[in-house]
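See below for the structure under consideration.
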Protein chains: 2
Amino acid sequence: MKYRLKIHVSLKLGHSDPEGETAARLLKELGYKVESVSVGKVYTVFLEAASRREAEQKAEEMCRRLLANPTKDDYMIAVEEMK
Amino acid sequence: MKYRLKIHVSLKLGHSDPEGETAARLLKELGYKVESVSVGKVYTVFLEAASRREAEQKAEEMCRRLLANPTKDDYMIAVEEMK
């Protein structure tokens, strides 16, 4: 079965986010009433797996092993079966 | 009123995504049955606006003026009112 994983990686609270701070500053300079900006990444992964449960487990593993840094990142996983 | 904008910026179909290709290659080397990976960004913006409609309009503008590159990026906007 084929699955689409959406993996959203964002910085843990309290970690500095220079890219977000720069975006916030530029948006303020453009005149927007912006309070703060944070920036995260979304990985869309097409994966072959035997079941939804296996796809979820693999996604967890991928985050721990490659996609997220456990020291500074949080992640959220959504799994969708493809037709 | 305060609004939280979630702005998801991703590459248009057909544009090369070296970061996604690298992630796909590494995941395959780690043994995962990955077909492809694409990488996008999510900006979470806290914005002061008079109404939801104004917040949506400002988000559109921000994408066109700063956050997305109209030549190569697609974007999706979600607006949520904060309590």
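Read-outs throughout are calculated quantities, based only on the coordinates presented, and are distinct from any laboratory measurement. As the structure is a computational prediction, the values presented were derived from the model and not from experiment. As a convention, Cβ positions derive from the backbone with ideal geometry for all residues, glycine included, and neighbour counts pool all protein chains shown.
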Considering region B:7-36 alone, what residues qualify as being buried (at least 16 other Cβ atoms within 10 Å of the Cβ) and either touching a Ser or Thr at 6+ places or on another chain (Cβ under 7 Å) or among the polar types (S, T, N, Q) (or both)? B:S10, B:L11, B:D17, B:G20, B:A24
What single numbered condition from (1) without any contact (Cβ under 8 Å) to a residue 60 or more places away in the chain; (2) within 11 Å of chain B (Cβ to nearest Cβ); (3) surrounded by fewer than 20 Cβ atoms within 10 Å (Cβ to Cβ); (4) more than 25 Å from B:C63 (Cα to Cα) fails to hold for A:K2? (1)
Counted residues in region A:63-83 being within 20 Å of B:S36 (Cβ to Cβ) and more than 12 Å from the chain's Cα centre (by Cα) come to 7
Matching residues in region B:40-70 - criterion: being of a type outside the set (S, T, N, Q), touching a residue at least 24 places away in the same chain (Cβ under 8 Å) and closer than 30 Å to B:A23 by Cβ: B:G40, B:K41, B:V42, B:Y43, B:V45, B:F46, B:A59, B:M62, B:C63, B:L67, B:A68
Every residue from region B:44-76 that is away from chain A (no Cβ under 12 Å) and more than 24 Å from A:H8 (Cα to Cα): B:S51, B:R52, B:R53, B:T71
Going residue by residue through region A:15-31, is there one that turns out to be in contact with a Lys or Arg (Cβ under 7 Å, 6 or more places away or on another chain), of a type outside the set (D, E) and in contact (Cβ under 8 Å) with a residue 12 or more places away in the chain? yes
Within region A:37-55, residues being among the aromatic types (F, W, Y) and surrounded by fewer than 17 Cβ atoms within 10 Å (Cβ to Cβ) number 1
Any idea how many residues of region A:5-14 are out of contact with any strand residue (DSSP E or B) (no Cβ under 6 Å at 6 or more places or on another chain) and touching a residue at least 24 places away in the same chain (Cβ under 8 Å)? 1
I'd like the full set of residues that are more than 7 Å from chain B (Cβ to nearest Cβ) and of a type in the set (A, V, I, L, M, F, W, C), limited to region A:13-43. A:L13, A:A24
